[in-house]
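Single-structure report; data block below.
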Protein chains: 2
Amino acid sequence: MRDPHAPTHPPDGPRERSAVLISAGTELTEGIIQDTHVRFLSGELTALGFRVLRGVQVPDDRALFRAELDRAVTEAPLVLITGGLGPTSDDLTREIVAESAGVGLDFHPEAWDALLARFSGRTVSDTNRKQAMAPRGFGLLPNPNGTAPGFQGDLRGSLVVAMPGPPSELRPMFSTSVVPLLGERFPAAGDRGVLWGTALMVPESSLEEALRTCAREAGCGEDLRWGTRVDEDRIVFSLRGGESAERDSLMDRLVRHLGAVRVRRGDMRPAQLLTDALLARGARLAVAESCTGGLVGKYMTDLAGSSRVFWGGFLTYSNEAKSRLLGVPGALLAAEGAVSEAVVRAMAEGALAGSGVEAALAVSGIAGPEGGTPGKPVGTVWMAASVERGGVEARRFNFSGSRDMVRRRAAVAAMLLAESLLRGQEFLDTRGKW
Amino acid sequence: MRDPHAPTHPPDGPRERSAVLISAGTELTEGIIQDTHVRFLSGELTALGFRVLRGVQVPDDRALFRAELDRAVTEAPLVLITGGLGPTSDDLTREIVAESAGVGLDFHPEAWDALLARFSGRTVSDTNRKQAMAPRGFGLLPNPNGTAPGFQGDLRGSLVVAMPGPPSELRPMFSTSVVPLLGERFPAAGDRGVLWGTALMVPESSLEEALRTCAREAGCGEDLRWGTRVDEDRIVFSLRGGESAERDSLMDRLVRHLGAVRVRRGDMRPAQLLTDALLARGARLAVAESCTGGLVGKYMTDLAGSSRVFWGGFLTYSNEAKSRLLGVPGALLAAEGAVSEAVVRAMAEGALAGSGVEAALAVSGIAGPEGGTPGKPVGTVWMAASVERGGVEARRFNFSGSRDMVRRRAAVAAMLLAESLLRGQEFLDTRGKW
């Protein structure tokens, strides 16, 4: 039996297709710039069937960088290094790899010629000569987009690939030179299928519980695993492993369990769902936003090409704006309060009339932290959707969380309410806490 | 002489102030989401005088996570873990720390009560009980913004701190609970004063260059260092070390170098700057947004209590909405185009007239990726601010970057233009690329 604490090869993936990613640069460990290479490369490698054991950001420090590289080659057959190929003294990648391999650096005249050609006319400094060098026995990877070529070769049985730090140089080099190399060195494996889904207005813990229940009921095997990513407006989840039919069956059960409003196939943004419903009806949308203050409009126009469906709308944060722009009677505001069914209905109707378009949604609530009352605590949000010749639907939600969370949840709920009305589908039961 | 290959303590920093950062989550090593914690925390720690030895992203895998933690505590006296505190079975942080410490998990009734209070009314599932647990001997860190408290305690002589993954929970917890803890556990060397500043509409590389130039001119010593944190709407920077007078002098030079519109003392959000200027004038604001689609309204109403200054406004994404809601003549739109000085002036005036309030701002531009022309490429944005009895100011910007970046930059610029007009101050030279 293997020792579960042995810090060596991963327990549930073959060493043959695992990788460690190293991003070099003190600017990464002092918070000056954001490392984006681990994300990019791990996405690409995952798609190619590799398992990424870790991504690491190391400063430009000989001992720390060297330790990281030595550790990586004992654990993974593939090590990708990014950065540290520039001309300056803190660019250490070539030297660290050569030291670890116990070899010197070779000067490559053809790389030097390519560099001179790139600099045509400008002065090339002596420090740039370093960029035409690579550890002995390593091959160069051409860099049509910058001065530093990459290099690749064998280090104690692992393939080590070094690529430049600028994303505009790294990404084409990876696709053009590294992917074919990986195809040669790591022949492909079996079913690597994945099924993506989106959960809307579902807390992460409820999604987990629902996935467990449904997987048990569907008799899913142990290799079917899931992962979740919580975003501003949704949770994206993936079902991986198992047979394709097994993943489909789990997804179908989940849709029945949580409802078709809250679970969608694919990675779907709520604004996209409403956009699609508007396109299907040939309708344009006007919004009337109070507590969300522009957030629904922002989400709708995050999507490029939103002018096909998004007409515009009314930011009616103050009661005066609700009356002046949407015609909500002052007496109604006084009698019912701005956060009430009657007012959101009047807002949605006012937005339809004021815009002349075919669909409208309205939101009014108490985002907090101030402004709550016993009858309408912080988190109380009324919303209405209205469609020309399709009626009006109004709902009340009781959201929990911070001001920011209440606003985001209210915007998402309003978009889904409008989508349901446009599609003629049942909406959610919104009683209780959300 | 020490062995230069020993993968132990860093060569050029005392063990006393070094740290390792671990971000847990398979979504980070499969390219699904971008880790931003290493950047945030390493910026904060650098500013506090720590040296970050590395940042690591590990998948939700017991053996890999455990190996990373065990290695970290042998190397650094401070280990910060983010993520893995959710209720689901792949949230492993509590168990891994407890295993490594050789202790069990304790249930904390007070954390459970806090969680129940947060869920008031909704069903709390059994899986959530896990979130009220922590390794025996570790203390809880309250989380006012989410369900999972953090925890902290000693592991073989190192301080291990675990924090939740969502940035909106992590960041306040770090500032409120972890910074004071670090102050106790790692007594400061000398003057630990810090001066905070905000840079607006300044690319990070330009800020870095400006800081270097000004520090050289001011003759600042080597101990005066800076750290930056890039947010959606601003860059917050800290000047630390050196004498207090030295930090002040550097800040003054920086204000002169980049201009008083772009550099502010303290951590200031653009929406707060405009809110303060409106309060100082006793004015309320109406907005007229085209390409930003609600983002200015969203930023203004992100601030609690925004109803004192934010009246509301007009989302005029379509040309029809510009005419119908703001009275922009169709002939003017046809002759000048929606992205023009004449149109944004008419939009700002229409917003003033349509709302009846004292100040308005208008934005119209080409956010992309489609819609650019040779004369008005993607990134061209016109904006205008108008104040009752204070005139109108209009400016054109040429922003670079993605759709999302153009929209964020345009919203920030418009708020600062309105602030300058309200304060009677000079605005920026907006010619050239931004």
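Give just the number: which of (1) of a type outside the set (D, E, K, R); (2) within 7 Å of another protein chain (Cβ to nearest Cβ); (3) more than 15 Å from A:Val20 (Cα to Cα) does B:Thr29 not satisfy?
(3)
More than 29 Å from B:Asp302 (Cβ to Cβ) and not acidic (Asp, Glu): does that describe B:Gly259? Before the answer, list the steps.
Working: more than 29 Å from B:Asp302 (Cβ to Cβ): no; not acidic (Asp, Glu): yes.
Judged against the criteria, B:Gly259 is not a match.
Of all the residues that make up region A:81-135, how many are touching a Ser or Thr at 6+ places or on another chain (Cβ under 9 Å), among the charged types (D, E, K, R) and more than 27 Å from A:Gly55 (Cβ to Cβ)?
Selection size over region A:81-135: 1.
For region A:293-339, give me each residue that is in contact with a strand residue (DSSP E or B) (Cβ under 7 Å, 6 or more places away or on another chain), more than 8 Å from chain B (Cβ to nearest Cβ) and of a type in the set (Val, Ile, Thr).
A:Val309, A:Val339
Among the residues of region A:187-201, write down those that are modelled with pLDDT of 90 or more and either closer than 19 Å to B:Glu27 by Cβ or touching a Pro at 6+ places or on another chain (Cβ under 6 Å) (or both).
If we filter region A:187-201 for residues that are modelled with pLDDT of 90 or more, which is where we start, we get A:197-201.
Of everything in region A:187-201, those that are modelled with pLDDT of 90 or more and either closer than 19 Å to B:Glu27 by Cβ or touching a Pro at 6+ places or on another chain (Cβ under 6 Å) (or both) turn out to be A:Gly197, A:Thr198, A:Ala199, A:Leu200.
Determine whether region B:53-70 contains at least one residue that is more than 7 Å from chain A (Cβ to nearest Cβ), in contact with an Asp or Glu (Cβ under 6 Å, 6 or more places away or on another chain), under 17 Å from A:Thr228 (Cβ atoms) and modelled with pLDDT of 95 or more.
no
Just checking: which of the strands (runs of 3 or more DSSP E) contained wholly in region A:316-434 hold 2 or more residues that are within 27 Å of A:Ser206 (Cα to Cα), in contact with an Asp or Glu (Cβ under 8 Å, 6 or more places away or on another chain) and modelled with pLDDT of 95 or more?
Correct list: A:380-387, A:391-398.
From the set of residues in region A:340-351 that are of a type in the set (A, V, I, L, M, F, W, C) and crowded, with 22+ Cβ neighbours inside 10 Å, which is farthest from A:Lys376 (Cα to Cα)?
Of the residues in region A:340-351, the ones of a type in the set (A, V, I, L, M, F, W, C) are A:342-344, A:346-348, A:351.
Still in the running and crowded, with 22+ Cβ neighbours inside 10 Å: A:343-344, A:346-348, A:351.
Details: A:Val343: 14, A:Val344: 15, A:Ala346: 19, A:Met347: 19, A:Ala348: 21, A:Ala351: 25 Å.
Per the criteria, the residue is A:Ala351.
In region B:96-121, which residues are under 31 Å from the mean Cα position of the chain (by Cα) and under 21 Å from B:Gly157 (Cα atoms)?
Result: B:Ile96, B:Val97.
Out of the residues in region A:17-48 meeting the condition of being among the small types (Gly, Ala, Ser) and under 20 Å from the mean Cα position of the chain (by Cα), tell me which one is farthest from A:Leu195 (Cα to Cα). Before you say what the answer is, go through the steps one by one.
Restricting attention to region A:17-48, the residues satisfying the condition of being among the small types (Gly, Ala, Ser) are A:18-19, A:23-25, A:31, A:42-43, A:47.
From the residues that got through so far, the ones that are under 20 Å from the mean Cα position of the chain (by Cα) too are A:42-43, A:47.
On the way: A:Ser42: 18, A:Gly43: 15, A:Ala47: 13 Å.
Residue satisfying both the conditions and the ranking: A:Ser42.
Out of all the residues in region A:387-434, which are under 17 Å from A:Ala359 (Cα atoms), free of Cβ contacts under 8 Å to residues at least 40 places away in the same chain and among the small types (Gly, Ala, Ser)?
Passing the criteria: A:Gly390, A:Gly391, A:Gly424.
Take the residues in region A:389-425 that are of a type outside the set (S, T, N, Q) and in contact with a Ser or Thr (Cβ under 7 Å, 6 or more places away or on another chain); name whichever of them is farthest from the other protein chains (Cβ to nearest Cβ). Please lay out each step first, then the result.
Keep residues of region A:389-425 that are of a type outside the set (S, T, N, Q), which gives A:389-397, A:399, A:401, A:403-419, A:421-424.
After this cut, where a residue has to be in contact with a Ser or Thr (Cβ under 7 Å, 6 or more places away or on another chain) as well, the list is A:392, A:395-397, A:404, A:407, A:410-411.
Working: A:Val392: 21, A:Arg395: 17, A:Arg396: 13, A:Phe397: 12, A:Asp404: 6, A:Arg407: 8, A:Ala410: 12, A:Ala411: 9 Å.
For region A:389-425, the residue satisfying everything is A:Val392.
Do the conditions hold for B:Ser290, that is, is it of a type outside the set (D, E, K, R), more than 21 Å from the chain's Cα centre (by Cα) and surrounded by 23 or more Cβ atoms within 10 Å (Cβ to Cβ)? Steps first, answer last, please.
Numbers: of a type outside the set (D, E, K, R): yes; more than 21 Å from the chain's Cα centre (by Cα): yes; surrounded by 23 or more Cβ atoms within 10 Å (Cβ to Cβ): yes.
It is true that B:Ser290 is of a type outside the set (D, E, K, R), more than 21 Å from the chain's Cα centre (by Cα) and surrounded by 23 or more Cβ atoms within 10 Å (Cβ to Cβ).
I'm told A:Gly43 meets every condition in (1) over 20 Å from A:Gly227 (Cβ atoms); (2) surrounded by fewer than 21 Cβ atoms within 10 Å (Cβ to Cβ); (3) within 7 Å of another protein chain (Cβ to nearest Cβ) except one. Can you identify the failing condition by its number?
It is condition (1) that A:Gly43 fails.
Test B:Gly312 against the criterion of being closer than 17 Å to A:Ser355 by Cβ and in a loop (DSSP other than H, G, I, E, B), and give yes or no. I'd like the intermediate steps shown before the answer.
Values: closer than 17 Å to A:Ser355 by Cβ: yes; in a loop (DSSP other than H, G, I, E, B): no.
Taking the combined requirement at face value, the residue does not satisfy it.
Just the residues that are buried (at least 21 other Cβ atoms within 10 Å of the Cβ) and out of contact with any Phe, Trp or Tyr (no Cβ under 9 Å at 6 or more places or on another chain), please, taken from region A:47-59.
If we filter region A:47-59 for residues that are buried (at least 21 other Cβ atoms within 10 Å of the Cβ), which is where we start, we get A:50-59.
If the condition is that a residue be buried (at least 21 other Cβ atoms within 10 Å of the Cβ) and out of contact with any Phe, Trp or Tyr (no Cβ under 9 Å at 6 or more places or on another chain), then A:Arg51, A:Val52, A:Leu53, A:Arg54, A:Gly55, A:Val56, A:Gln57 are the ones that fit.
For region A:78-189, list the strands (runs of 3 or more DSSP E) that sit wholly inside it and hold at least 2 residues that are among the aliphatic types (A, V, I, L, M) and in contact (Cβ under 8 Å) with a residue 40 or more places away in the chain; which are they? Reasoning before the result, please.
Values: elements: A:78-82, A:105-107, A:133-135, A:139-141, A:150-155, A:158-163.
Once the strands (runs of 3 or more DSSP E) in region A:78-189 are filtered for at least 2 residues that are among the aliphatic types (A, V, I, L, M) and in contact (Cβ under 8 Å) with a residue 40 or more places away in the chain, what remains is A:78-82, A:158-163.
Just for region A:1-26: of the residues that are touching a strand residue (DSSP E or B) at 6+ places or on another chain (Cβ under 7 Å), at pLDDT below 90 and more than 7 Å from chain B (Cβ to nearest Cβ), which one is farthest from A:Gly86 (Cα to Cα)? Talk me through it step by step, then tell me what you get.
Keep residues of region A:1-26 that are touching a strand residue (DSSP E or B) at 6+ places or on another chain (Cβ under 7 Å), which gives A:10, A:13, A:17-24.
Restricting the remaining residues to those that are at pLDDT below 90 gives A:10, A:13, A:17.
Next cut, more than 7 Å from chain B (Cβ to nearest Cβ) only: A:13, A:17.
Working: A:Gly13: 35, A:Arg17: 30 Å.
Taking the candidates together, the pick is A:Gly13.
Take A:Glu169 and tell me if it is touching a strand residue (DSSP E or B) at 6+ places or on another chain (Cβ under 8 Å) and more than 30 Å from A:Arg225 (Cβ to Cβ).
On the way: touching a strand residue (DSSP E or B) at 6+ places or on another chain (Cβ under 8 Å): yes; more than 30 Å from A:Arg225 (Cβ to Cβ): yes.
Considered against the rule, which asks whether it is touching a strand residue (DSSP E or B) at 6+ places or on another chain (Cβ under 8 Å) and more than 30 Å from A:Arg225 (Cβ to Cβ), A:Glu169 comes out as yes.
Count, please, the residues in region B:230-280 that happen to be in a helix (DSSP H, G or I) and among the charged types (D, E, K, R).
As a first pass, look at region B:230-280 and keep what is in a helix (DSSP H, G or I): B:244-258, B:270-280.
Then keep just the ones that are among the charged types (D, E, K, R); that gives B:246-248, B:252-253, B:256, B:276.
Residues meeting the conditions: 7.
Of the residues in region A:366-386, how many are within 12 Å of chain B (Cβ to nearest Cβ) and in contact (Cβ under 8 Å) with a residue 12 or more places away in the chain?
7
Condition test on B:Thr74, is it assigned to a helix (DSSP H, G or I), within 11 Å of another protein chain (Cβ to nearest Cβ) and among the hydroxyl-bearing types (Ser, Thr, Tyr)? Spell out the reasoning first.
On the way: assigned to a helix (DSSP H, G or I): yes; within 11 Å of another protein chain (Cβ to nearest Cβ): no; among the hydroxyl-bearing types (Ser, Thr, Tyr): yes.
Here the answer is no, as B:Thr74 does not meet what is asked.
The values are calculated or read from the model by the stated rules, or taken from the named source; none is laboratory data. Because the structure is a prediction, the values reported are computed rather than measured. Note that each Cβ is placed from the backbone with ideal geometry, even for glycine, and that neighbours are counted across all protein chains shown.
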